[in-house]
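Take a look at the structure below.
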Amino acid sequence: MDQTKDTSNFELRKKLKALVTQAQNNEIKLQKLQRQELALISSESLPQLIDVILQQYRNEYELDYVSLLLIDTDYEIRHVIEFMSPGLLKLPTLIFSSNHTTLENVVIAQVQEGKANTTAIQKTLFPDFKEEPYLGRCSEVCKKVLFPAIPKDAASVAIIPLIRNHKLIGSLNLASYDSSRFIAGSGTDLIKRLSAILAVCVENSINNEKLKLLGLTDALTGIHNRRYFMQRLEEEIVRGVRQKLPVSCLFIDIDHFKAFNDLYGHAVGDEVLRYVAEIIKSQMRMSDVLARYGGEEFSVLLTNTDTHLAQEIAERIRVTIEEAILTVNNLPDDLHITVSIGCTTMIKTNDANTNVSFLGETLLNAADHALYASKGAGRNCINVTDFDEIATAQSMH
């Protein structure tokens, strides 16, 4: 009798210990989830949010690979990212699709290979249903589309659809080399909660970036405006000083622009501005910054660029514009346009005078000084002004 009682007590203690352990594990999971939710909600920009999703989430949950697919029907999201944080477009873990059929094809491939329940998965095929996350093995299509840069085949994956207002806006995709990490039907409640919060954060973050973009864009040419240029100028000077990298600046002025307006009217003048902006943009690298500085003047910030390379870029811009021919409706003749360019380069090799405002003002003044020298030399040419000479002159005043 006592032996039976002892056995029963042992089993009860064993069950109680298992329940306590499970409760503790659930508490840890909940704390992790709360930390991630807080990080997502408190993200101040789209780049920060993407970092939380692709890096912090991966580290927090010890995942082998995380990717984010965004449905970008009209190229709006990519345009915003290209304008505000172009480096994000190089991430292999940030994937864009023009429609939701990309995700549909992945899920269909899972079904066809017998790695998912057809009824459950078909709910994810259209944006008008309550979508269910897919947990299980990964097909070749799944790997190619959602995990393109994974070092080796994933043993199990989770494809988590992101839904806003009954519309599929993308998916969070998790991969593990452990086949038991993601099993159909396990832990979907927490995943669904994460999906709902993440979808709201992604949508809000994209909308906020669009609003920012409106305030930092020149309405006529579609390129950056002076306000954005000044923000980036400060950032690049700080980076250049810290990493001892050269920062070059170009000022570009359309020659005899007033004559275009006086002779042909402001509509043609606007067309010339748009045309020149497009040509300059076509000659720049993704890391460079182009802005309409004011009137017919454009400013270009060339990151990690010495004087020699800056002159090469400036000459390429000048020649391309000179050789281009602009045809405007209702004008009997084609327009031939030229530009004058001023160039300067800041290279800080020591810690003397690292005042960011002073350095930024000096860079602009030096580029402006060089531009006026180009105009004085007959226009349609490039002039370089020594940054240190202008800095010395300014510090004496």
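Summary of computed values
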| read-out | value |
| --- | --- |
| Candidate set from segment 228-285 (those that are part of a helix (DSSP H, G or I) and among the aromatic types (Phe, Trp, Tyr)); member that is farthest from His369 (Cα to Cα) | Tyr264 |
| Close pairs from segment 89-118: first exposed (fewer than 15 other Cβ atoms within 10 Å of the Cβ) and basic (Lys, Arg), partner in a strand (DSSP E or B) and modelled with pLDDT under 80, Cβ under 9 Å, at least 6 apart | none |
| Odd one out for Asn225 among (1) at pLDDT below 90; (2) over 22 Å from Gln36 (Cα atoms) | (1) |
| Filtered residues of segment 175-196 (kept if within 26 Å of the chain's Cα centre (by Cα), among the aliphatic types (A, V, I, L, M) and surrounded by 15 or more Cβ atoms within 10 Å (Cβ to Cβ)) | Ala175, Ile191, Leu194 |
| Of all residues making up segment 154-174, the number that are surrounded by fewer than 19 Cβ atoms within 10 Å (Cβ to Cβ) and either more than 18 Å from Ile41 (Cβ to Cβ) or small (Gly, Ala, Ser) (or both) | 4 |
| Among the residues listed as Leu359, Leu371, Leu364, the single one being hydrophobic (A, V, I, L, M, F, W, C), in contact with a Lys or Arg (Cβ under 9 Å, 6 or more places away or on another chain), part of a helix (DSSP H, G or I) and modelled with pLDDT of 90 or more | Leu359 |
| Single residue of Ser205, Ser248 found to be of a type in the set (S, T, N, Q) and closer than 30 Å to Ser156 by Cβ | Ser205 |
| Residue match in segment 337-344 (condition: within 30 Å of Gln243 (Cα to Cα), aliphatic (A, V, I, L, M), in the same structural domain as Ile254 (by TED's automatic domain parsing) and not in a loop (DSSP other than H, G, I, E, B)) | yes |
| Selection count, segment 261-270, where residues are over 37 Å from the mean Cα position of the chain (by Cα) and in contact (Cβ under 8 Å) with a residue 60 or more places away in the chain | 1 |
| Single residue of Thr320, Thr338 found to be within 19 Å of Phe260 (Cα to Cα), among the polar types (S, T, N, Q) and surrounded by fewer than 19 Cβ atoms within 10 Å (Cβ to Cβ) | Thr338 |
| Among residues of segment 209-221, those that are at pLDDT 90 or above, of a type outside the set (A, V, I, L, M) and surrounded by fewer than 16 Cβ atoms within 10 Å (Cβ to Cβ), counted | 0 |
| Any hit, segment 162-180, residues being in contact with a Gly (Cβ under 8 Å, 6 or more places away or on another chain) and in the same structural domain as Pro133 (by TED's automatic domain parsing) | yes |
| Unique residue being of a type outside the set (Val, Ile, Thr), in contact (Cβ under 8 Å) with a residue 24 or more places away in the chain and surrounded by 20 or more Cβ atoms within 10 Å (Cβ to Cβ) when the list is Glu236, Glu203 | Glu236 |
| Test result for Leu371, of a type outside the set (Val, Ile, Thr) and either closer than 18 Å to Val300 by Cα or touching a strand residue (DSSP E or B) at 6+ places or on another chain (Cβ under 7 Å) (or both) | yes |
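The values are calculated or read from the model by the stated rules, or taken from the named source; none is laboratory data. Given the structure is predicted, the values throughout are model-derived calculations rather than measurements. FYI the Cβ positions are ideal-geometry reconstructions off the backbone, even for glycines, and counts take in every protein chain you see.
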